[in-house]
Ligand SMILES: Nc1ncnc2c1ncn2[C@@H]1O[C@H](COP(=O)(O)OP(=O)(O)O)[C@@H](O)[C@H]1O
Ligand SMILES: [Mg+2]
């Protein structure tokens, strides 16, 4: 581990239950500042469940139980008293299926500002422009900001969701299979974007595309049946995996 | 081959049912129109009845029906929406959800004359609103409450969870999410419930019989506490009372025609509103 690796989020002994089903088993993991950490593993192994803990999205699911600690800036965000609203402003999320609001393109991006109480029109429109530029969408939509966001293509919608998330100025961004429903060209754009964003943000991405993990991430976590099997730098995990299970998964023996 | 025949017969039956429905609808509209149009005139629309209801107009009844209907919606919409939002968004315990659902379903099945008696006992007498627009609107409001709650609940359920998650993930509070995202997405569906309720509220006679309706009143209602004439009750009165049925019957059909027109008008306004504000929210 080099000196540049500052720990941003630290998960300690995390267990998670949906009813009586234990979906996460004793997860211990550190996320480094300004790095991309990817989660790979077969579908149903708990990747989404885990990253949704990082912005308290699992609070919305009824009949669940969480154990352990996740530290973010000295606060245990799994604690019952942790302020979900505050944490979600710090930890943004882009979902698997693009989910823009059925509002205009502009309103989608300004939404986060307005709920934060920003009233100044100029500040809002500057921020909308800046966010759309960061999300590499500005040139495609600058003449149609008043159009309904649902008219955009899937890839554009996903970049709009990224812009919407950036406008709130998060410090960490979670991507849950952001390219799962996109074509290769859109996927490529999103990957480039993630590499650009990591200069400013700490990024966590779930993907079941191993090549994608290899292309965009610095660190890779491999999960299997709710357990974290291996966590290492992406280079290492793809060239010299320590665990047999990891090797089997990477070589396509199951998945 | 056999499948094909069954397929065709099925299609023919369905088509016939559709045509029959359209036929009856057309028949109703034709009859009301044919029998009612002769009395429609400027005077009919703008003046009060004269000569013991056998001449003049029905303007006070038109106004009364509009007031009562709008009043019912103004009362029932916020109440019904809040109720649906509570049930749908705040995950109350199963007991509460079931209790409210059973209550609402039963309320929907109560005969309208019972609502009339309830309104008489509670609004007119107990709360002392008297026979008035207010009492009538409240009574009609309760009558349409179940429909508004059901429509709102259906519309809220149809809003994808992903939309709520998107808003919450941006750091919106639950209330912000409901007000800024969930309700706008559900509004077109809620408005559909309102539109159906408008027809119901405007056309009901029994609930206003003891709570709001006056047999005859010259002017327009000047306060929420004044009695009103209303078209459905006026039709009833024209057909059952008085001494000149040959003069009263055409007027009754004229009133029926007006009632249809008013319901159509208010509904169209609601549809336009829905499309205008709903536009951004339906994909
Ligand atoms: N809302 C839920 N209720 C109950 N079980 C769930 C729920 N979401 C996920 N699970 C279960 O938890 C496990 C992990 O799911 P998930 O985190 O979505 O996996 P992944 O994202 O790796 O595909 C699976 O067995 C899944 O069936
Ligand atoms: Mg998943």
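Computed from the coordinates by the stated procedures, all read-outs in this text should not be read as laboratory data. Treat the numbers as computed from the prediction; the structure is a model and nothing was measured. Heads up, the Cβs are rebuilt from the backbone with ideal geometry, glycines too, and the neighbour counts pull from every protein chain shown.
At-a-glance table
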quantity: Sequence-separation-based contact order of the range B:148-252, relative, with Cα cut under 8 Å and 6+ spacing, percent; calculated: 21 percent
quantity: C-alpha center-to-center spacing [the range B:199-229, the range A:73-92] in angstrom; calculated: 56 Å
quantity: Kirkwood hydrodynamic radius (C-alpha pairs) into Stokes-Einstein, chain B, 25 °C and 0.890 mPa s, D in µm²/s; calculated: 116 µm²/s
quantity: Ranked by how many other beta carbons lie within 10 Å on average, peptides B:159-167, B:22-30 from highest; calculated: B:159-167, B:22-30
quantity: Values of log10 I(q)/I(0), in the order q = 0.05, 0.06 Å⁻¹, for the protein assembly as shown under a Debye, Cα-only, solvent-free model; calculated: -0.33, -0.46
quantity: Computed lengthening from residue B:269 to residue B:17, 0.36 nm per intervening residue step minus Cα-Cα distance; calculated: 87.7 nm
quantity: Mean Cα-pair separation over length for chain B, i.e. relative contact order, pairs under 8 Å, 6 or more apart, %; calculated: 27 percent
quantity: Euclidean distance of C-alpha centroids, the range A:1-55 and the range A:183-255, integer Å; calculated: 13 Å
quantity: For the range A:29-108, the Rg and Dmax computed from alpha carbons only, in angstrom; calculated: 14.4, 41
quantity: Cα centroid separation, the range B:1-31 to the range B:63-122 (Å); calculated: 36 Å
quantity: Fluctuation leader among B:169, B:158, B:252 - chain B, Gaussian network, Cα springs under 10 angstrom; calculated: B:169
quantity: Peptide A:154-165 - average C-beta neighbours from other chains (10 Å radius); calculated: 1
quantity: DSSP bridge pairs, the range A:3-250: antiparallel proportion in percent, nearest 5; calculated: 60 percent
quantity: Estimated D of chain A in µm² per second, where Rh is the Kirkwood radius over Cα pairs and Stokes-Einstein applies at 25 °C, 0.890 mPa s; calculated: 130 µm²/s
quantity: Kirkwood Rh in Å, taken over the range A:68-173 so that all alpha-carbon pairs contribute; calculated: 14.5 Å
quantity: Cβ neighbours within 10 Å from other chains - mean over B:156-169; calculated: 5
quantity: Cα-projected label distance for residue B:216 with residue A:196, points at 7 Å along beta-carbon direction, nm; calculated: 8.0 nm
quantity: Relative contact order (percent, whole number), chain A, Cα cutoff 8 Å, 6+ residue spacing; calculated: 27 percent
quantity: Proxy reagent accessibility, fewest Cβ within 10 Å first, across A:52, A:159, B:50, A:215; calculated: B:50, A:215, A:52, A:159
quantity: Ordering of A:196-202, B:101-107 by burial proxy (mean other Cβ atoms within 10 Å per residue, highest first); calculated: A:196-202, B:101-107
quantity: Label-point separation in nm, residue A:22 to residue B:3, each point 7 Å along Cα→Cβ; calculated: 5.1 nm
quantity: Fraction of beta bridges assigned by DSSP in the protein assembly as shown that are antiparallel (%, nearest 5); calculated: 60 percent
quantity: Between 0 and 90°, nearest 10: helix A:121-134 axis offset from chain A longest Cα axis; calculated: 50 degrees
quantity: Computed helical MRE - 222 nm, chain A, DSSP H runs ≥ 4 contributing -39500 (n - 2.57), nearest 500; calculated: -10500 deg cm²/dmol
quantity: For residues of A:111-117, the mean tally of beta carbons on other chains within 10 Å; calculated: 4
